[in-house]
Amino acid sequence: MAAILDNDSLPDAAGDGFTDWDDAPADEGLEQALAEERSAELERELEQDEHPVDYNAELEDEAEEIAAVSEKRLKRELRAEAMRRLEDAARTEADFAVVVGEWDRIDSNRERRERDHENLRGDVPLEYQAVPEPKIVPHWMNTPAFRQLCSGNFLDILFDCPYEMHELTANAFLSGMVKELSEEHKEVLYFLSLRLYSTVQLAALRGQSDRNIRKLRTTIHKKLQKKLYAHLKEKLERGDSLTLRERQFMAEYEAVAEQKGKDAVIRRENKTKPRKKKAVLDDGKDG
């Protein structure tokens, strides 16, 4: 396989009709970004090998979570309180520079923990340098899913099913909310939201009517949106910040709730084609 994928081992495109990988469109910006990603990943691996970090030491065990007072919890609260006081005491430009430096350090530590647990990607698309019309390597080996699998990013493929799709998000609340759905609701949500099936296609697949699928979709959306709205409202009451998308959802849901009350649901239908406008007959034409 290595010999097949080697550029130097491929015949000349003009001579034998094979596709030369050198002829594939190459963007210098993407090549540079890909090289930087590989270099950064190698540096992180070397740093982790030379200075391994025990992240389990920062987590609470079951006994500490149940206890009213925990030493690790107190340390986190003390750091948060110290940061809050540092922000409140800032008056001069130098003071604010110290605050920004502390937040940069906190973000750097958080990003380091994420990098050590996840194989993240930058702006380089998975389709980069894929051969458009290969003669040796088949099409299915040029798909983003296969290239992702070969690079070690296999979690999205393992969890690509109705019963494991809750693992596709790192948000604990969203993951638990989807996990608590019934098997029937999981299947409908998976094919309509992730696979982007139409209600007609899913109805044919499940042997049901289109109306039944649309009714199930409305029920699932109503259930999930109600839980999500309550969760975001609790976050606001605790003083936590929300993203712009979360605020837009709350505003839209509250507007619908004022009209429909308990039956409030924001409808998101799969519309791949615009609806055709009904033809309007001119007054001068006969019926």
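Placing R0 at 45 angstrom, the Cβ-Cβ distance between H231 and E43 gives a FRET efficiency of 0.75 after rounding to 0.05.
Would you please give the FRET efficiency between D240 and L158, computed as 1/(1 + (r/R0)^6) with r the Cβ-Cβ distance and R0 = 35 Å, to the nearest 0.05? With a Förster radius of 35 Å, E is 0.65. Extension gain, F173 to A33, is 47.0 nm, computed as 0.36 nm per intervening residue step minus the present C-alpha separation.
Quick note: the coordinates plus some simple rules give every number you see, no bench work behind them. Because the structure is a prediction, the values reported are computed rather than measured. In this analysis, Cβ positions are derived from the backbone assuming ideal geometry, glycine residues included, and neighbour counts consider all displayed protein chains.
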